[in-house]
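Novice: Before I ask anything, here is the structure I am working with.
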Amino acid sequence: MGGIIMSAVSTTNGTYLANLFNPQVVGDRIEKKLFDYIRFAPLARVYNNLVGRPGSTVTLPYYNSIGAATAVSEGQDIPISQLTESTVSVTISKYAKGVQITDEAVLSAYGDPIGEAVDQIAQSIGQAYDNAMLAAMGTSADANMTTAAAALTADGIASALTLFGEDIDGDKVILVSPAGYETIRKANGWIPGTEVAANLIIRGTVGMIHGCQVVVSNKLIAANASYIVKPGALAIYNKRGILVETDRDIINKSTVITADRHAAVYVLDKSKLIKMPGQASTT
C-alpha cells in the first residue's frame, strides 16, 4: 500500500494523524482494483459514454431476441428474423461506501489498516455492481429466453441452451446458487474446474457442464433463479470515476473515508441471456 499512508503529525500535546492519505492516490488505486472485484464484469461491455452527460436517468439501447430456432423440413425456407433494437430507461446509481478509522487504530495496529480499508471499499463497491447486474438479469430477461419448464439438471440445461438457436456455440457461463451447484456437479457430463482452469471467463469457476462454465453465487439463493449468460449480455455505463473524500473529526480523533462511483447497469443484449429456475436445497 505504498504511497497511501502519510506521516503522523506531532504536537506538544500529543500525536495525532493528519492527512492519513492522498485521496487522489487512493482513488486511482481503487479505480484500478475495482474491476478485479466486480466478479461478473467479464459478462459486460463497459462504456464511458455518460461521462459529462446531464441527468440521473438515461435512455440506452438494447437488442431484442430473435427467438428460438425451429425445425425446418427439407426444401423449406429457413425462417428469417430481423435483429431489432429497442431502448430502455435506466437510472444512474451511486455505488458508495465509507469507513471510519480512529488514530489509535492506525497507531497501534499491526499491518496496514488504511490499506485494508481502501481494499475493502473497492470490494464493497464491486459487490454493489454485481448485485446490480443480477437484479438487471432478474427483471430484464426476455420472455422468449426464459424457461420455467427446464429444471436445473444436466438435461434441463441442455434443453434451455436450445433457446440460443444457432448461437448456441461460444463462451457461456451458468450462474447458480450453492444448492444448484450441489445438483449439477453430480450429473453425467460434469467437468471439474481443474480441467477448465486455462480458459476461465470468470474467476471462481468451479466446473463446466454442456459447454457452460459454472459459477456459484450466494446472491442467487434469494432470487431462486439461475442464468446462462454469454459475454456481452450486460452493459456498464460509467458516468463518473471513483471519487474519494475524507473528513477529519477532531473531537474523537478519527478520519472518515468515503468513495463513490456513478454508473448505470442493464441488460444490453437479451438474446445472450437465458433465465432458468433456481434449485431448492434438498437438505
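The values are calculated or read from the model by the stated rules, or taken from the named source; none is laboratory data. The model shown is predicted, which means the values in this text are computed figures rather than measured ones. Cβ: placed from backbone, ideal geometry, glycine included. Neighbour counts: every protein chain shown.
Novice: Given the options I191, I184, I168, name the one that is among the β-branched types (V, I, T), modelled with pLDDT of 90 or more and closer than 21 Å to K219 by Cβ.
Specialist: Working: I191 fails: closer than 21 Å to K219 by Cβ; I168 fails: closer than 21 Å to K219 by Cβ.
Selected residue: I184, the only one of I191, I184, I168 that is among the β-branched types (V, I, T), modelled with pLDDT of 90 or more and closer than 21 Å to K219 by Cβ.
Novice: Turning to a different aspect of this structure: Tell me, yes or no, whether the stretch 49-57 has at least one residue that is within 22 Å of A96 (Cα to Cα), at pLDDT 75 or above and out of contact with any Pro (no Cβ under 8 Å at 6 or more places or on another chain).
Specialist: Yes, the stretch 49-57 has at least one match.
Novice: Please verify whether the stretch 70-92 includes one or more residues that are touching a helix residue (DSSP H, G or I) at 6+ places or on another chain (Cβ under 6 Å) and touching a residue at least 40 places away in the same chain (Cβ under 8 Å).
Specialist: no
Novice: Further question: Working only within the stretch 261-277, note down all residues that are within 19 Å of A41 (Cβ to Cβ) and either among the β-branched types (V, I, T) or in a strand (DSSP E or B) (or both).
Specialist: R261, H262, A263, A264, V265, Y266, V267, D269, L273
Novice: Could you list, in sequence order, all residues of the stretch 219-253 that are in contact with a Gly (Cβ under 7 Å, 6 or more places away or on another chain) and in a strand (DSSP E or B)?
Specialist: Result: A225, S226, I242, L243, V244.
Novice: Restricting to the stretch 103-134, name every residue that is under 17 Å from V267 (Cβ atoms) and either touching a strand residue (DSSP E or B) at 6+ places or on another chain (Cβ under 7 Å) or without any contact (Cβ under 8 Å) to a residue 12 or more places away in the chain (or both).
Specialist: Listed by number, the residues that qualify are Y129, A132, M133.
Novice: Which one of I191, I251 is of a type in the set (A, V, I, L, M, F, W, C), surrounded by fewer than 20 Cβ atoms within 10 Å (Cβ to Cβ), under 30 Å from S108 (Cα atoms) and free of Cβ contacts under 8 Å to residues at least 24 places away in the same chain?
Specialist: Checking each option against the conditions leaves just I251.
Novice: Which condition from (1) surrounded by fewer than 19 Cβ atoms within 10 Å (Cβ to Cβ); (2) farther than 19 Å from T91 by Cβ; (3) touching an Asp or Glu at 6+ places or on another chain (Cβ under 9 Å) is the one that R240 breaks?
Specialist: (2)
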